[in-house]
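Report on one structure; see the data block that follows.
The values are calculated or read from the model by the stated rules, or taken from the named source; none is laboratory data. Note that this is a predicted model, so its numbers are computed, not measured. Neighbour counts run over all protein chains shown; Cβ positions are idealised from the backbone, glycine included.
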Amino acid sequence: MSSTIAGNVDVALRTQLDYYGQGRYDLAEEVVTADYLDHEAPPGTPAGPEGANAVLRWLRGAFDDLSYEVKDAFGNGDRVAIRLVTRGTHTGEFMGKPATGRPFEMEAIHLYRIENGRVAEHWAKRDDVALAHQIGLFE
């Protein structure tokens, strides 16, 4: 793996584990570009660090103990893929459902585009149906 690709993987892992995993709002300007675009963010979310922090507040407001277990991480050019398991507890309102206190675990794949040592774009494929069932969203 080239040093550039290894560096890109490190950036993506830092974003996933430190920024999102630890709720480190202070890292937003270090880990995402000024025009960062999160393709998984709720409609109307602004670009850049402001939007990243809005998504983090939304996630942490619903699941204040989020954690990520990385299963695979690899890069190709400016793209990095991370396969992981997300765990947490439904501790706040999520998609109109008040907190249930139920734990969840779901698998996901996150794809990042890295530009000059920061995340420029993010996509994800998650098992949202499993999450919804586990926290009682359909009840």
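Annotation: of all residues in the stretch 115-139 being of a type in the set (Gly, Ala, Ser) and in contact with a Lys or Arg (Cβ under 7 Å, 6 or more places away or on another chain), the one that is farthest from PRO49 (Cα to Cα) is GLY136. Considering the stretch 56-94, the residues that are of a type in the set (Val, Ile, Thr) and out of contact with any Asp or Glu (no Cβ under 6 Å at 6 or more places or on another chain) include one that is nearest to ALA120 (Cα to Cα), namely VAL80.
I'm trying to understand the selection: among the residues of the stretch 75-107, which are in contact with a strand residue (DSSP E or B) (Cβ under 6 Å, 6 or more places away or on another chain), within 19 Å of ASN8 (Cα to Cα) and not charged (D, E, K, R)? Once the filter is applied, which keeps residues that are in contact with a strand residue (DSSP E or B) (Cβ under 6 Å, 6 or more places away or on another chain), within 19 Å of ASN8 (Cα to Cα) and not charged (D, E, K, R), the stretch 75-107 yields VAL80, ALA81, ILE82, LEU84.
Among the residues of this structure, GLU121 does not count as one that is of a type in the set (Asp, Glu) and either surrounded by fewer than 16 Cβ atoms within 10 Å (Cβ to Cβ) or assigned to a loop (DSSP other than H, G, I, E, B) (or both).
Among the conditions (1) under 28 Å from SER2 (Cβ atoms); (2) in contact with a helix residue (DSSP H, G or I) (Cβ under 6 Å, 6 or more places away or on another chain), ALA108 misses just one, which is (2).
Looking across the stretch 95-105, the residues that are over 30 Å from GLY7 (Cα atoms), in a strand (DSSP E or B) and at pLDDT 95 or above come down to PRO103, PHE104. The selection criterion, being out of contact with any Gly (no Cβ under 7 Å at 6 or more places or on another chain) and either surrounded by fewer than 17 Cβ atoms within 10 Å (Cβ to Cβ) or on the phi > 0 side of the Ramachandran plot (or both), does not hold for LEU131. Among the residues of the stretch 118-136, none qualifies, meaning not one is free of Cβ contacts under 8 Å to residues at least 12 places away in the same chain and in contact with a helix residue (DSSP H, G or I) (Cβ under 7 Å, 6 or more places away or on another chain).
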